[in-house]
1. To the nearest 500 deg cm²/dmol, what mean residue ellipticity at 222 nm is calculated for the chain from DSSP H runs of n ≥ 4 alone, each contributing -39,500 (n - 2.57), summed and divided by the residues?
2. Have a look at Asp17, Asp245, Asp104 and tell me which one the Gaussian network model of the chain (Cα, springs below 10 Å) gives the largest fluctuation.
3. In percent, how large is the relative contact order of the chain, given Cα pairs closer than 8 Å and 6 or more residues apart?
4. How many times 2.2 N^0.38 Å is the alpha carbon radius of gyration of the range 126-225?
5. With charges only on Cβ, +1 for K and R and -1 for D and E, what is the dipole size of the chain about its Cα centre, in debye, rounded to 20?
6. Beyond 17 Å, what share of the Cα-Cα pairs of the range 2-116 remains, rounded to the nearest whole percent?
7. Which one of Gln33, Leu15, Gly326 has its Cα pushed farthest toward the positive end of the charge dipole of the chain, where Lys and Arg give +1 and Asp and Glu give -1 at the Cβ?
8. Of His337, His208, how do they rank once you tally other Cβ atoms within 10 Å and put the fewest first?
Amino acid sequence: MAESENFYRNIFASLVDGILVISADLRVTKVNQAAEEIFQRSRRSFEGESLSKLFPDQPNIIKKARQSITEGISFHHVEGIGYHKSNNGRFPVNLTFSPLIKDDLEITAGAILIQDTSLLKELQENSQQTEHLSTLSTLTAGMAHEIRNPLSGIRGSAQLLLKDLKNNGQREYMEIVIEEVDRINRLIKKMMDLTRPALNDFQPTNIHQVLEEILVLEKGSLEMKEGAFVQVYDPSIPTIKANKDELKQVFLNLVKNAVEASPKGGRVRISTQYNTDYIFRKKQDTLSPHNIVVKITDSGLGMTKTTMKKLFTPFFTTKKRGTGLGMAVSLKIVENHHGKIKVTSNENIGTVIQVFLPVNK
Ligand SMILES: Nc1ncnc2c1ncn2[C@@H]1O[C@H](COP(=O)(O)OP(=O)(O)OP(=O)(O)O)[C@@H](O)[C@H]1O
Ligand SMILES: [Mg+2]
């Protein structure tokens, strides 16, 4: 008898799903270890806790729990929201309600099986995003071909016409045609960058050289605003394995955003650092302990919370002439290099973008 009790106790303890045993007045009488983990609280703190505290504002759950005990019925796949007392957090759950039948066939208690579906939901969302990208990729490949050809015809003809036009007003219109064609071309190129399968021909790359090559390109725009770059480079930085052209694109996008956000006379600081012991705090964020970080700091208009949330969403832009692909493309490239991008921003104070890239030892 003792042995079989032990056996059941072991099952109860080692189930990956949480179990709550509840009394007829819908209070918790027993929990297993998985339930402790799911709710992030100790077994002790569960004792006598009412069900409505664990699943607040969900009369449907209370009703099902009561019904399963009073009428002896089971319910499967009931969706609900669990509550983390420790941090006021909420998480999605999938519940199964069963009556607990005692030896005398009387029902005075019920069991609730709990699956935390946060991870599942996250995976579903991610896979929707990947699906989204793969549809976009098919579309882009087709579009690029179909649009680029006529576009180069339009551009060529406009340029020929421009040569012959004497009237300044007409010339201006023709210049707009060319400018806009170039804009569409840039958009298509960016869409292709976002959706093209990643390149993996990594070569030893000097990050300072990458930065210098792109800062030259953006210097003019910043000087027009009477601003300047401030470079603070860590001389101990080793080379990293990377695709130089792709990294140039990342830093060009980021520096361009910083320049565009800068006010008159604004400084954009570019600093680098070699970390040998930096590990991200969150477990899933663990990055190689040897990494370099490039930090781009502007004292520009900063971002609102809403902008921060959508920052990496393709086509999200707050600019009149933006494509909203700069950050999405940058993230894709950095992730392909097994790196991370970290953003902090304060409205009207400025933005700090940090790009972490691993150093292969
Ligand atoms: N340094 C920054 N300061 C303030 N806002 C920024 C900064 N970087 C990005 N943003 C915000 O994020 C949005 C998306 O940036 P992203 O680079 O993806 O697109 P974009 O700059 O609008 O267009 P594109 O890069 O195609 O020219 C911007 O429109 C802007 O609102
Ligand atoms: Mg941009």
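1. -15500 deg cm²/dmol
2. Answer for the Gaussian network model of the chain: Asp104.
3. Reported relative contact order: 10 percent.
4. 1.50
5. With Lys and Arg at +1 and Asp and Glu at -1, about 1080 debye.
6. Of the Cα pairs, 53 percent sit more than 17 Å apart.
7. Gly326
8. In increasing order of surrounding Cβ atoms, one gets His208, His337.
A short reminder: the numbers here are calculations on the coordinates, not readings from a lab. Computed from a prediction, not measured in an experiment: that's the story for all the values here. Because the Cβ atoms are built from the backbone with ideal geometry, glycine has one as well, and the counts that use them run over all protein chains shown.
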